[in-house]
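This report refers to the structure that appears directly beneath it.
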Amino acid sequence: MVSRPPIRFSDRVTAMQESPTLAVLNRATALVAKGVDIVDFGPGEPDFGTPLAVAEAGKRAIDRGFTKYTNASGTKALREAIAARYNRRYGTSLALEHVIAGNGGKQELFNVSLALVRPGDEVIIPSPYWVSFPDQVEFAGGKAVFAPANPEDHFRPTLVDIEAVATERTRGVILNSPCNPTGAVIREDELQKIVDWCVAREAFLVFDETYELFVYDDNKHASAAIWFERHPETVIVVNSMSKTFAMTGWRLGYAIAHPEIITALGKIQSHSTSNPSTIAQHAALEALAGVDEDVKRMYDAYRERRAWLVPALNSLPNICCTDPDGAFYAFPDVSAAYGNAGITGSQSFADYLLDEARVAVVPGAAFGADGFVRISYATSMERIQEGIKRIERALKKLG
Ligand code: PLP
C-alpha cells in the first residue's frame, strides 16, 4: 500500500468550528429519510415560498438574458434601490457608494471581519449569539469576546454587559437585533449608548438586522442606520433578503457602510465570489419595489404562532420561556427539565427529544447558551401544536 502524507490544512481552517446547529438537524434529516415522522423545530428559514411577483421577476431576468456577470458589488440599480429603501424607512440620505450587495448577509458579515479585524483584535458579541459571528471574527485573526445578556430582560443587549468585557484590545462590537436565537430586540436608548461608546473608543459597530421586520407586541425595531450619517466610520449595517422576503435560496444580502469600507468589501468580493447572482439581483429589485402584502401575510402567521407557542411552552413542566421580542424563534430554558435520564446539557436534551419525542430542536450550546434550546416557529401551526404535544409526553417520562 502506498503511504500518503496527511493533508496539510491551514491553521485558520483547522481552528474553525463546523456549524454546531447542524448535528441534531443532520440526525433528524437522516430519520426523515428513513420515513420517521419528525416535527422539525430546526429551520432557520421561512416556511413560506418566495412571493410570486419576486419569483416571476427572477424568471423574467433569465428570459431577458440577464445571465451575465455584473459589477462585483452588485448592480447600480440594486444598490440604489437598497439605499432608497433605507432613506424611506430611516430618513437617511444614502447613495450607491454606501451600499454593497453580496451572496447573503452572511457573506457581507464575513467580509466585514476580513476587512476590519487585525490579529489580536477583540470583538465583543452579546451572547446568546448567531453561530457564525465568532467563527468569522476568529477566521479573520481576531478574538471573539462574549457579553452574556440577561434572560430576565429578554436577552436584550446592554452597554453595561458590553463594557464589562471590554479591554484595550476591543476593536468592535457585533449586534444582532432582532436576535437569532433569542428574538431579543435592542432598545433605541441602549443602542444609542452603544453607538456613542463605540465612537468614543474608535471601535466599529456591526449591526445585523436580518430579522428587521419581525418584531411583535409593543417592541419597536431600532436600526443603527439612524446614526450612520453622524458616525459613518463606526456604524456598519448588514441586512438580507432571506428572511424578510422568504428568499433564503436566492442568496442576496447587503451591507451599508462608509464608502471606504464598501470599497474594501468590494475588493474582497471581487477576488472571491464576484457579484451575487444576477438573477437574484433582479428578483431582489422586485421585492424592494414592494411586496408588502406577502410580507404582512408572513408576519401575521409568525405573530399568531408565537402567541400560541410561548404560553404553551411555559405550561410545560420545568420549561421557562421568556417572550421573544422578534424573529421567529423561541428560546426556552430547559435546564430544570433534565431529570435523571442522563441528560447533562442542551445537546443531550435535544438528542433525547429527537429519540423520545421525534421532535428536532437546536441545542442552546450552539449559540453559547447551554441550558436552552432554540425552537423555530417557521413551521405550520398544526406542526407546532403536534410538536408541543410530543414534547409534553417526553417530559413526563423524565419525571
Ligand atoms: N444574520 C443572522 C442573525 C442570521 O440568522 C442569518 C441567517 O440565518 C444571517 C445573518 C445570514 O443570512 P443570509 O446569508 O441568508 O442573508
Practice prompt. Look at region 226-248 and say how many of its residues are buried (at least 21 other Cβ atoms within 10 Å of the Cβ), away from the ligand (no atom under 11 Å from the Cβ) and within 23 Å of Val137 (Cα to Cα).
Written response: 5
Discussion item. I want to confirm something. Restricting to region 142-165 and keeping residues that are open to solvent by less than 40 Å² (accessible area, probe 1.4 Å) and touching a residue at least 60 places away in the same chain (Cβ under 8 Å), which single residue is nearest to the ligand (Cβ to nearest atom)?
Written reply: Phe155
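Here is a check on your reading of the model: is Arg118 part of a loop (DSSP other than H, G, I, E, B) and among the charged types (D, E, K, R)? Before the answer, list the steps.
Working: part of a loop (DSSP other than H, G, I, E, B): yes; among the charged types (D, E, K, R): yes.
Spelling it out, Arg118 is indeed part of a loop (DSSP other than H, G, I, E, B) and among the charged types (D, E, K, R).
If you check Ala83 against the conditions, is it modelled with pLDDT of 95 or more, open to solvent by less than 40 Å² (accessible area, probe 1.4 Å) and either out of contact with any Ser or Thr (no Cβ under 6 Å at 6 or more places or on another chain) or not in a loop (DSSP other than H, G, I, E, B) (or both)? Step through it out loud before you land on a result.
Values: modelled with pLDDT of 95 or more: yes; open to solvent by less than 40 Å² (accessible area, probe 1.4 Å): yes; either out of contact with any Ser or Thr (no Cβ under 6 Å at 6 or more places or on another chain) or not in a loop (DSSP other than H, G, I, E, B) (or both): yes.
So Ala83 fits the description; yes.
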Response to the item:
Residue hits (region 344-399; of a type in the set (Val, Ile, Thr) and assigned to a strand (DSSP E or B)) are Val359, Val362, Val373, Ile375
Practice prompt. Starting from region 243-265, keep only residues that are within 16 Å of Gly74 (Cα to Cα), then list their pairs with residues that are in a helix (DSSP H, G or I) and near the ligand (Cβ under 9 Å from one of its atoms) whose Cβ atoms are within a distance under 6 Å, requiring at least 6 positions of separation or different chains.
Written response: Gly253/Gly105; Gly253/Glu108; Ala255/Glu108
Worksheet item: Considering only residues of region 21-48 that are of a type in the set (Gly, Ala, Ser) and either within 16 Å of the ligand (Cβ to nearest atom) or not in a loop (DSSP other than H, G, I, E, B) (or both), which is surrounded by the fewest Cβ atoms within 10 Å (Cβ to Cβ)?
Response: Ala33
Response to the item:
If you go through Ala30, Ala84, Ala72, Ala95, the only one that is assigned by TED's automatic domain parsing to the domain that holds Tyr299 and either in contact (Cβ under 8 Å) with a residue 24 or more places away in the chain or aliphatic (A, V, I, L, M) (or both) is Ala30
Item to complete: Kindly check whether there is at least one residue in region 110-128 that is within 15 Å of the ligand (Cβ to nearest atom), of a type in the set (Asp, Glu) and modelled with pLDDT of 95 or more.
Response: no
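I need a count of the residues in region 174-221 that are in a loop (DSSP other than H, G, I, E, B) and open to solvent by less than 30 Å² (accessible area, probe 1.4 Å). Break it down stepwise before answering.
Residues of region 174-221 that are in a loop (DSSP other than H, G, I, E, B), as a first pass: 177-187, 202-203, 209-214, 216-221.
So of that shortlist, the ones also open to solvent by less than 30 Å² (accessible area, probe 1.4 Å) come out as 177-186, 203, 209-212, 214, 216, 219.
Number of matching residues: 18.
Can you give me the number of residues within region 285-318 that are within 16 Å of Glu152 (Cβ to Cβ) and open to solvent by less than 20 Å² (accessible area, probe 1.4 Å)? Please lay out each step first, then the result.
Kept after step one, since they are within 16 Å of Glu152 (Cβ to Cβ), are these residues of region 285-318: 310, 314.
Checking which are open to solvent by less than 20 Å² (accessible area, probe 1.4 Å) leaves us with 310.
Residues that pass the stated criteria total 1.
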Item to complete: Of the conditions (1) aliphatic (A, V, I, L, M); (2) within 28 Å of Ile279 (Cα to Cα); (3) open to solvent by 10 Å² or more (accessible area, probe 1.4 Å), Val54 clears all except one; give me its number.
Response: (3)
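The values are calculated or read from the model by the stated rules, or taken from the named source; none is laboratory data. Quantities reported herein were computed from a predicted structural model and do not represent experimental measurements. Positions of Cβ are backbone-derived with ideal geometry, glycine not excepted, and every protein chain shown enters the neighbour counts. Accessible surface is based on the protein model in full, side chains and every heavy atom, while ligands, DNA and RNA are left aside. Shrake-Rupley method; radii C 1.70, N 1.55, O 1.52, S 1.80 Å.
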